[in-house]
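Before any comments, here is the structure.
Rule-based calculations on the coordinates, nothing more; no lab input. On a predicted model such as this, the values are computed, not experimentally measured, just so you know. Cβ sites come from the backbone with ideal geometry, for glycine too, and all protein chains shown count toward neighbours.
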Amino acid sequence: MAKTGNQNRRRGMDYEQQAAEFLEAQGYQILHRNFYSRYGEIDLVARQGRTLVFLEVKYRKNETGGHPLEAVDKRKQRRICKTAVYYCLRFGYGEYTPCRFDIIGILGEEIIHVEDAFSFQE
């Protein structure tokens, strides 16, 4: 039986929660979850020290459909970057606020956190 959109969304939120707990255990402060703009969505926005961290969370049960880290292609990266700019403007972060883009891949039970996974793209 195929999963409905609501079931997939609920499952995605469960993995985002798992990622948030993983980050909090490492000292990150979660600022927002599922931040939306007209440009796209950012799964998690966190702070690590003075750095604002924009995180994409991807889950795969196994590598049959590819590794979860491979799912964040250049198009997705550009959408995350545009949304990050909007986020900074909306919440008053200046141009000198240190920011980075991370990916959390969950493969089965393993959590893989790639810091500074990609650079800002227009």
Revision key, fill the gap. Around Gly105 (Cβ within 11 Å, Cβ-to-Cβ, excluding Gly105; K/R +1, D/E -1) the net charge comes to -3
Review point. Taking only Cα atoms, what is the 0 to 90° angle, nearest 10, from helix 5-25's long axis to the longest principal axis of the chain?
Key: 60
Check your understanding: Which residue, Thr83, Thr51, Thr64, tops the fluctuation ranking in a GNM of the chain built on C-alpha contacts under 10 Å?
Key -> Thr64
Exercise for review: Would you mind checking the radius of gyration and Dmax of the stretch 26-72 based on alpha-carbon positions, in Å?
Suggested key: 13.0, 38
Practice item. Take the alpha carbon atoms of the stretch 104-122, find their center, do the same for the stretch 39-94, and report the distance between the two centers in whole angstrom. Key: 9
**Study point:** Loop-resident sites, the stretch 14-110, for GluC sites (Glu not before Pro), counting at most 14 other Cβ within 10 Å (DSSP)
**Key:** Glu95, Glu109
Exercise for review: Place a +1 charge on the Cβ of each Lys and Arg in the chain and a -1 charge on the Cβ of each Asp and Glu, then give the dipole magnitude about the Cα centre in debye, rounded to the nearest 20.
Suggested key: 600
**Study point:** Computed over the chain, the ratio Rg/Rh where both radii use C-alpha atoms and Rh is Kirkwood
**Key:** 0.96
Check your understanding: Pairing the Cα long axis of helix 74-90 with the longest principal axis of the chain, what angle in degrees results, from 0 to 90 and rounded to the nearest 10?
Key -> 40
Exercise for review: Starting from the exponent 0.38 and prefactor 2.2 Å, build the expected Rg for the stretch 47-114 from its residue count and divide its actual Cα Rg by it.
Suggested key: 1.27
Study note, to complete from the structure: Candidate cut points under chymotrypsin sites (Phe, Trp or Tyr not before Pro) in the stretch 26-108, DSSP loop plus at most 11 other Cβ atoms within 10 Å of their own Cβ, are Tyr96
